[in-house]
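Okay, structure first, notes after.
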Amino acid sequence: IAPGPEPLINCINKIQEIMNKRIDCDTSSSDIVDLMNVVGVCVVAGGKRRTAQIAFGHYDDKEYISLKDPDLYQEELMSHRWASNNSIYAEDGMDYTNIINTIKKSGEPGILYKHRMQNYGRIKDGYQEGIDGKATLLNPCGEISLESEELCNISDVFPARHDSLEDFKRSIKYAFLYCKTVTLVPTHLPTTNSKILKNRRIGISQSGIVQAIQKHGATEYFRWCDEGYNYLKNLDKKYSDWLCIQKSIKLTTVKPAGSTSLLMGSTPGIHFEHSEYYIRRIRVEETNVQLVQAVKDAGYKWEVSAYGDRSIVFEVPVKAENFYKGKSDVSVWEQMQLGSKIQSIWADNSVSQTVTFTKDESEYLKNVIEMYEDQFKTVSFLPLSDHGYVQAPYETITVEQYEEMNKKIKPINFNFKNT
């Protein structure tokens, strides 16, 4: 349902407000990010589920690095700066001191090692000069390296759903065939088409990685990753020759898999379950009147979105099935080791991983990054608590809180009347 002209009017007025302050001055990095974020907020108000943006800045740009510091810019965060992931271009051996303080507070900025993205596929395959030399960007969640005007093309497989390597290979073959076929479909932009034709970039992603390790054991699962990747390389040669097109510049990735993992009852991407009992917050557009009312009638606790994106935020109590480990049970070191392993043997694009850390662990976060910097293309962090984000997607609760919330809800009646 169209929201009317108000969001666009607000967007234009906000752009005017930002630019009027810069008359006769150079445009700053904060101006650039604010402008894109204001447009993102407008898009959300226009009926989209969410806006997905990523910004990149230099690691020595103190103004850019502090854009999401909740102690400095809480008003701006609530207004529009929530709309993007902000990351820096990092270099091996750099001094991470400038970014650590804001990472401790809000988890941002994320880190991208562009030189590694451009010169490496899987880390285990070693340096390959210019293998992806024109890639300068990532998609908003950080798992796919991209040239300007290039598109993502991703599909998911779920290794924990398989009992054998052969069965897993069957899934990744179908995922490959789907993505490779998508590269044959032109867009309406000639410049984008030229990048697709040249790169044929795809990303076969895995979700439920932690569950797969629990089910198959780490050694066996990592063997699946390595052999699965080599199998994909052979498939790509075979079908690219058959179709008379370029082989794909890169084939594999790990994406966050938020929605698809929920659909499959899977842990998201490479991440651990949040906790055994937790609140999962879900946003529903307020214009979806029948669905909003049905969920309210079912007894779910709700709030109006604090971010002004015309949505209602519902709280769903969750008990994790077959619970193994929660985020608070896993050290920052274990998470980094798992991410580096998957970047080494599976993902030739990137691994989208948000490494969570406790307040105690924040004190040696700089050492963690320095120890692992040569094993990652990109990585981001998030405090487990006190991160400054209201209505966070996940919140740990006790079994008593879960049972109390669960008592107040009933099945949702989806038999909407036609209007």
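The values are calculated or read from the model by the stated rules, or taken from the named source; none is laboratory data. The shown structure was predicted, so the numbers you read here are calculated from the model rather than taken from an experiment. Neighbour counts are summed over all protein chains in view; Cβ atoms, including those assigned to glycine, are modelled from backbone coordinates with ideal geometry. For the accessible areas, the whole protein counts, side chains as well, though only heavy atoms, and no ligand, DNA or RNA atoms are used. Shrake-Rupley method; radii C 1.70, N 1.55, O 1.52, S 1.80 Å.
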Next item on the list: Can you tell me how much longer the chain between residue 329 and residue 164 gets when fully stretched, taken as 0.36 nm per residue apart minus their C-alpha distance, in nm with one decimal?
Entry: 56.5 nm
Item checked: Heavy-atom accessible area order for 78, 371, 336, largest first, 1.4 Å probe -> 371, 78, 336
Checklist line | Furthest towards positive pole of dipole, 298, 308, 349, structure part the range 263-419, Cβ charges | finding: 298
Check: Among rounded, prolate and oblate, which fits the chain when a ≥ b ≥ c are the square roots of the eigenvalues of its C-alpha gyration tensor, a/c under 1.5 means rounded, and a/b larger than b/c means prolate?
Finding: rounded
Next item on the list: For the range 1-88, state which chymotrypsin sites (Phe, Trp or Tyr not before Pro) are in a DSSP loop and have at most 14 other beta carbons lying within 10 Å of their beta carbon.
Entry: none
Notebook entry, point to check: Please state the relative contact order of the chain as a whole percent: Cα pairs under 8 Å, 6+ residues apart?
Noted result: 17
Note to self: Just to be sure I understand: with springs between alpha-carbon atoms less than 10 Å apart, which residue in 383, 140, 190 has the highest mean-square fluctuation in the Gaussian network model of the chain?
What the structure shows: 190
Note to self: Only sites in a loop by DSSP and with at most 11 other Cβ atoms within 10 Å count here; which GluC sites (Glu not before Pro) in the range 295-348 make the cut?
What the structure shows: 321
Checklist line | 18 Å reach of a label modelled at residue 60, 7 Å along Cα-to-Cβ, counting backbone N of the range 72-112 | finding: 88-100, 112
Next item on the list: Could you check the simple spin-label distance between residue 31 and residue 95, using points 7 Å along Cα→Cβ, in nm with one decimal?
Entry: 2.9
Check: Considering only DSSP states other than H, G, I, E and B, which trypsin sites (Lys or Arg not before Pro) in the range 5-47 qualify as loop sites with at most 14 other Cβ atoms within 10 Å?
Finding: 21, 22
Next item on the list: With only Lys, Arg, Asp and Glu charged, each at its Cβ (+1 for the first two, -1 for the last two), find how big the charge dipole of the range 211-294 is about the Cα centre; round to the nearest 20 debye.
Entry: 240
Notebook entry, point to check: Shape call for the range 210-320 from the C-alpha gyration tensor, a ≥ b ≥ c root eigenvalues: rounded (a/c under 1.5), prolate (a/b greater than b/c) or oblate?
Noted result: oblate
Check: According to the Kirkwood expression over distinct Cα-Cα pairs, how big is the hydrodynamic radius of the range 293-370, in Å?
Finding: 16.4
Next item on the list: Report the FRET efficiency, 1/(1 + (r/R0)^6), for residue 322 and residue 174, where r is their Cβ-Cβ distance and R0 is 30 Å, rounded to 0.05.
Entry: 0.70
Check: So what's Rg/Rh here for the range 4-162, counting alpha carbon atoms and using the Kirkwood radius for Rh?
Finding: 1.01
Next item on the list: Over 32 Å between C-alpha atoms is what I'm after, so list which of 198/366; 247/341; 327/410; 359/408; 173/198 land there.
Entry: 198/366; 359/408
Margin query: Over the chain, with a Gaussian network built from C-alpha contacts below 10 Å, which listed residue (326, 269, 57) shows the highest mean-square fluctuation?
Written below: 326
Check: What size of dipole, in debye to the nearest 20, comes out for the chain about its Cα centre when the only charges are +1 on Lys and Arg C-beta atoms and -1 on Asp and Glu C-beta atoms?
Finding: 1700
Notebook entry, point to check: In the chain, carbon and sulfur make up what percent of the accessible area (probe 1.4 Å)?
Noted result: 52
Item checked: Amide N of the range 25-43 lying under 20 Å from the label point, which is placed 7 angstrom from the Cα of residue 16 along Cα→Cβ -> 25, 31-32, 34-43
Check: For labels at residue 52 and residue 409 in the simple 7 Å Cα→Cβ model, what's the distance in nm?
Finding: 2.5
Next item on the list: Determine the dipole magnitude for the range 265-311: charges of +1 sit on the beta-carbon of Lys and Arg, -1 on that of Asp and Glu, nothing else is charged, the reference point is the Cα centre, and the result goes in debye to the nearest 20.
Entry: 40
